[in-house]
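Following: one structure in structure tokens, then a few remarks.
The values are calculated or read from the model by the stated rules, or taken from the named source; none is laboratory data. Bear in mind the structure is a predicted one, so any value in this text is a computation, not a measurement. Every residue, glycine among them, receives a Cβ derived from its backbone with ideal geometry; neighbour counts consider all protein chains shown. Surface accessibility is based on the protein's heavy atoms, side chains included, excluding ligands, DNA and RNA. Shrake-Rupley method; radii C 1.70, N 1.55, O 1.52, S 1.80 Å.
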Amino acid sequence: MRKLLKPKREVGIVGYGAYVPRYRIKAEEIGRVWGVSSFPIEEKAVPGLDEDALTIGLEAARNALKRAGIDPKLIRAVWFGSESKPYAVKPTGTVIAEAIGATPDVSTADFEFACKAGTEALQTAIGFVGSEMADYAMAIGADTAQGRPGDHLEFTAGAGGAAFIVGPKSSETVAYFEGSYSYVTDTPDFWRRQHEHYPRHGNRFTGEPAYFHHIINAAKTLMEELGLTVNDFDYAVFHQPNVKFPLTAAKILGIPKEKVLPGLLTGKIGNTYSGATMVGVSAVLDIAKPGDRILWVSFGSGAGSDAFSIVVQDAIEEKRDLAPKVKDYVERKKYIDYALYAKARRKFIL
């Protein structure tokens with residue numbers, strides 16, 4: 001049985017863009033408040049009072065358009081993946097589509113699948129373009145991740161996002177997709193019920209039966225279907241709820257950590273949930289050379305993984321400098337204390 005997901009028409013990335021909020025809080029500052037002295041990351045990004053998943057996604061979309069260099073009216077789909085969208089009913093995609101000038105001849109929808117909502121939207125965009133229903137489609141993954149005060153998620157739940165515009169493979173695409181694969185099961189590792197402000201997690205379920213099981217199986221199956229090995233990849237980007245998990249996944253697969261570190265940003269900006277691997281891949285594209293192959297595996301609790309293999313093309317050399325790079329956003333920061341953080345995240349206003 002054929003497991004690989006591959007469209008009939010070859011599809012590539014026409015433009016990509018990321019965005020990370022300016023504000024940061026150090027893990028030790030959170031630990032100071034809650035009496036914790038060991039931390040899974042160094043610091044994380046915090047959205048400002050006027051920022052949310054929508055504004056983050058919009059900034060990323062505008063950066064992707066700068067690199068794509070196309071008329072936004074040509075984009076026939078704007079799909080937004082997040083678990084922290086600002087409206088429970090009103091779609092986020094319509095606002096972004098309107099703001100970038102893609103309306104009214106466009107399909108929009110908000111996608112949900114915990115932290116892999118962004119890659120779920122991307123896979124749909126690949127199918128949309130690959131089937132020739134459209135020439136261009138945009139997929140966005142963005143979150144302002146939530147963590148209950150005092151919970152260990154509060155140390156890692158960050159904010160950020162990225163957008164990818166896909167189109168037919170050509171000399172204008174910065175990278176093309178060789179194929180993708182999704183591995184999904186019903187695993188109760190992380191959830192948030194309707195009307196609950198913060199998510200809950202199944203502790204012992206979050207590692208082996210959830211993250212590692214899905215990441216490893218998705219990556220292995222993709223490589224087997226494409227006839228590739230880990231040695232064929234120059235970079236690897238895995239979902240990064242912390243720094244340890246993706247490095248451990250790479251070790252299990254036999255991938256040197258040097259191939260993972262360029263796209264591993266959680267230690268500096270936190271886990272950006274639906275944006276995590278998309279921001280990581282954006283960081284890799286900022287430095288990759290034509291011909292480099294990237295293994296890209298997302299993970300969403302509940303649970304599932306999307307795996308992609310992309311190959312960088314010549315157009316990356318001229319397009320990467322057309323918009324701010326991930327490094328620019330990571331290094332642009334302003335530290336705040338826990339009081340300002342709690343105010344910005346409305347921690348005690350439920």
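Among the residues of the stretch 215-237, those that are more than 20 Å from LYS289 (Cα to Cα) and in contact with a helix residue (DSSP H, G or I) (Cβ under 9 Å, 6 or more places away or on another chain) comprise ILE215, ILE216, ALA219, LYS220, MET223, LEU226. If I filter the stretch 57-76 for residues that are under 13 Å from THR144 (Cα atoms), of a type in the set (A, V, I, L, M) and out of contact with any strand residue (DSSP E or B) (no Cβ under 6 Å at 6 or more places or on another chain), do I get at least one hit? No; the residues of the stretch 57-76 include none that is under 13 Å from THR144 (Cα atoms), of a type in the set (A, V, I, L, M) and out of contact with any strand residue (DSSP E or B) (no Cβ under 6 Å at 6 or more places or on another chain).
Of the residues that sit in the stretch 184-237 and are at pLDDT 90 or above and small (Gly, Ala, Ser), which one is most open to solvent (accessible area, probe 1.4 Å)? Give the derivation first.
Applying the first criterion (at pLDDT 90 or above) to the stretch 184-237 yields 184-185, 210-237.
Now restrict to residues that are small (Gly, Ala, Ser): 210, 218-219, 227, 236.
Details: ALA210: 0, ALA218: 0, ALA219: 0, GLY227: 63, ALA236: 2 Å².
Looking at the filtered set, the residue picked out is GLY227.
Selection of the stretch 312-338 for residues being farther than 30 Å from PHE233 by Cβ, outside any loop (DSSP other than H, G, I, E, B) and open to solvent by less than 50 Å² (accessible area, probe 1.4 Å) yields only TYR338. Run TYR341 past the list (1) buried (at least 17 other Cβ atoms within 10 Å of the Cβ); (2) at pLDDT 95 or above and report the number of the one that doesn't hold. Checking TYR341 against (1) buried (at least 17 other Cβ atoms within 10 Å of the Cβ); (2) at pLDDT 95 or above, the one that fails is (2).
When the stretch 124-138 is filtered for residues that are open to solvent by 50 Å² or more (accessible area, probe 1.4 Å) and either part of a helix (DSSP H, G or I) or within 10 Å of PRO7 (Cα to Cα) (or both), the ones remaining, listed by number, are THR124, SER131, GLU132. For ALA250, state whether it is open to solvent by less than 10 Å² (accessible area, probe 1.4 Å) and farther than 17 Å from SER282 by Cα. Yes; evaluated as a whole, the condition is true for this residue.
If we keep just the residues of the stretch 139-161 that are in a strand (DSSP E or B) and among the β-branched types (Val, Ile, Thr), which is surrounded by the fewest Cβ atoms within 10 Å (Cβ to Cβ)? Among residues in the stretch 139-161 that are in a strand (DSSP E or B) and among the β-branched types (Val, Ile, Thr), the one surrounded by the fewest Cβ atoms within 10 Å (Cβ to Cβ) is THR144.
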